[in-house]
Amino acid sequence: MDFEYSKKTKMYLEQIGDFMNKYIYPNEHVFHEQLDAGPTRWQVPPIMEELKEKARERGLWNLFLPESERGAGLTNLEYAPLCELMGRSHIAPEVFNCSAPDTGNMEVFERYANEDLKKQYMVPLLEGQIRSAFAMTEPKVASSDATNIESRIERDGDHYVINGHKWWTSGIGDPRCKVLIFMGKTDPKNPDRYKQQSMIVVPREAPGIKIIRMLTVFGYDDAPHGHGEVLFENVRVPASNMLLGEGRGFEIAQGRLGPGRIHHCMRQIGVAERALELMCKRAMSRVAFGKRIADHDVTLERLAEARIKIDQARLLVLHAAYMMDTVGNKAAKQAIAEIKVAVPNMTLQIVDWAMQVHGGGGVSQEFPLAFMWAHSRTLRFADGPDEVHRRQIGRLELRKHS
């Protein structure tokens, strides 16, 4: 594995870094001020569309999608450092049209959808004109085992009829959300539990979709994006909206969640780096017990540990990206599972240390650390909880010696 960044990556790193300094960081507070100033928080702050237009003008757009002419032509390994840089700001990924769940949904459309669905939904997603949601997790079952999913997708002539109760449907609160990808059972009696499920494309405006409530994450509503608890009651969609075919939901899920997991981890490295930066600046600007906080041994030790942990995690992420590029997502599943456990836990520890250095301010809205911690904690659940990934890693390790 070559650790040298490609010329293309270096070029984009320079351009994205310049854009972040000039436009992203200075406008983070503007985003929140505009969000709070409107009649509802479920609106798009004007600054977001302004920043997206600037990013498009500079060609900093759709940098994901490896092996696709629709993206920037970057490999996972080339994209990793760029995604890390975007992860330093919670508004940056959307500005570059590289945010979840849209990236995962666009990859699904690219790989598994027919040309009509691509034209109807993927093109406007790539243009940043609409947004999307992903409906998989359910409140009545342990969704860490996706074979538990109870929602039904039943054929009725030229249509499918969808019934189900979902939650953590991220993106459903956004007024620009025009399409969902829904996972449910088409063949619940199939003896192969992994061929009972399917994925289907559902227009947001289809009758029968009801948002029960928007969920909070440690009190944060994540507006205008949000995470919804949603009821699907006799929602009818054309049979042509079925992705790949009945019984292939798990196959699609693995194709979608592999890249999604590594993107989350790439961005988490950026979160950890920014937390460490804030920690250093705060430690050098505050005095306690007669000397700077930075000069206390406990602080120096934590700074050193933070740097070691971030660099270790980054190498693990780059290795997973390299594996995905060279042997494919399926063969790279252990490497992907490893980073999905290691990186969010690492980030949580560093954000926690940064909070301690900031004192009471660290848990307030004065600094971004509390939001960073809340979001990072959710990633120990998103795209599979730690326990599932640890189980997979352990079983794969045992298999080597059986």
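The values are calculated or read from the model by the stated rules, or taken from the named source; none is laboratory data. Remember, it's a predicted structure, so these values are computed and weren't measured experimentally. Glycine gets a Cβ as well: all are built from the backbone with ideal geometry, and neighbour counts include every protein chain shown.
Within the range 209-237, being surrounded by 15 or more Cβ atoms within 10 Å (Cβ to Cβ) and in a loop (DSSP other than H, G, I, E, B) holds for ASP221, ASP222, ALA223, PRO224, HIS225, GLY226. The set of residues in the range 112-171 that are of a type in the set (Gly, Ala, Ser) and closer than 30 Å to LEU60 by Cα comprises ALA113, GLY128, SER132, ALA133, ALA135, SER170, GLY171.
Kindly indicate whether any position in the range 102-110 is free of Cβ contacts under 8 Å to residues at least 60 places away in the same chain and among the small types (Gly, Ala, Ser). The answer is no; no qualifying residue exists. In this structure, is LYS166 among the basic types (Lys, Arg), surrounded by fewer than 15 Cβ atoms within 10 Å (Cβ to Cβ) and outside the structural domain of PRO385 (by TED's automatic domain parsing)? Against the criterion (among the basic types (Lys, Arg), surrounded by fewer than 15 Cβ atoms within 10 Å (Cβ to Cβ) and outside the structural domain of PRO385 (by TED's automatic domain parsing)), LYS166 does not qualify. If the condition is being hydrophobic (A, V, I, L, M, F, W, C), crowded, with 17+ Cβ neighbours inside 10 Å and not in a strand (DSSP E or B), then the range 131-148 contributes MET136, ALA146.
One residue stands out in the range 31-45 among those that are part of a helix (DSSP H, G or I) and under 23 Å from the mean Cα position of the chain (by Cα): the one that is surrounded by the most Cβ atoms within 10 Å (Cβ to Cβ), namely PHE31. Considering only residues that are of a type in the set (A, V, I, L, M, F, W, C), part of a helix (DSSP H, G or I) and touching a residue at least 60 places away in the same chain (Cβ under 8 Å), which ones fall in the range 48-90? Result: LEU77, ALA80, LEU82, CYS83, LEU85, MET86. From the set of residues in the range 89-116 that are out of contact with any Leu (no Cβ under 8 Å at 6 or more places or on another chain) and under 15 Å from VAL201 (Cα atoms), which is surrounded by the most Cβ atoms within 10 Å (Cβ to Cβ)? It comes out as PRO101.
Listed by first and then second residue, the pairs with beta-carbon distance under 8 Å, at least 6 apart or on different chains, first residue in the range 195-217 and within 27 Å of GLN254 (Cβ to Cβ), second charged (D, E, K, R) and assigned to a strand (DSSP E or B), are GLN196/LYS185; GLN197/LYS185; SER198/LYS185; PRO203/LYS178; ARG204/LYS178; ALA206/ARG236; LEU215/GLU229.
Could you go through the range 89-105 and let me know if any residue there is of a type in the set (Asp, Glu) and more than 12 Å from the chain's Cα centre (by Cα). No: the range 89-105 contains no residue that is of a type in the set (Asp, Glu) and more than 12 Å from the chain's Cα centre (by Cα). Screening ASN329 with (1) within 18 Å of the chain's Cα centre (by Cα); (2) assigned to a helix (DSSP H, G or I); (3) not hydrophobic (A, V, I, L, M, F, W, C) gives one miss only, at (2). Annotation: TYR194 fulfils all but one of (1) closer than 17 Å to TRP168 by Cβ; (2) out of contact with any strand residue (DSSP E or B) (no Cβ under 7 Å at 6 or more places or on another chain); (3) not β-branched (Val, Ile, Thr); (4) not in a loop (DSSP other than H, G, I, E, B); the unmet one is (1).
Matching residues to (1) under 25 Å from TRP167 (Cα atoms); (2) assigned to a loop (DSSP other than H, G, I, E, B); (3) within 20 Å of the chain's Cα centre (by Cα):
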{"residue": "ASP383", "(1), (2), (3)": "yes, yes, yes"}
{"residue": "VAL388", "(1), (2), (3)": "yes, no, yes"}
{"residue": "ILE393", "(1), (2), (3)": "no, no, no"}
{"residue": "GLU397", "(1), (2), (3)": "no, no, no"}
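Taken over the range 311-328, residues that are surrounded by fewer than 21 Cβ atoms within 10 Å (Cβ to Cβ) and on the phi < 0 side of the Ramachandran plot amount to 9.
Does GLU14 satisfy the condition of being over 24 Å from the mean Cα position of the chain (by Cα) and under 20 Å from LEU85 (Cβ atoms)? Full working, then the answer.
Working: over 24 Å from the mean Cα position of the chain (by Cα): no; under 20 Å from LEU85 (Cβ atoms): yes.
Considered against the rule, which asks whether it is over 24 Å from the mean Cα position of the chain (by Cα) and under 20 Å from LEU85 (Cβ atoms), GLU14 comes out as no.
Scanning the range 107-129 for residues that are more than 23 Å from ALA239 (Cβ to Cβ) and of a type in the set (A, V, I, L, M, F, W, C) gives a single hit, LEU126.
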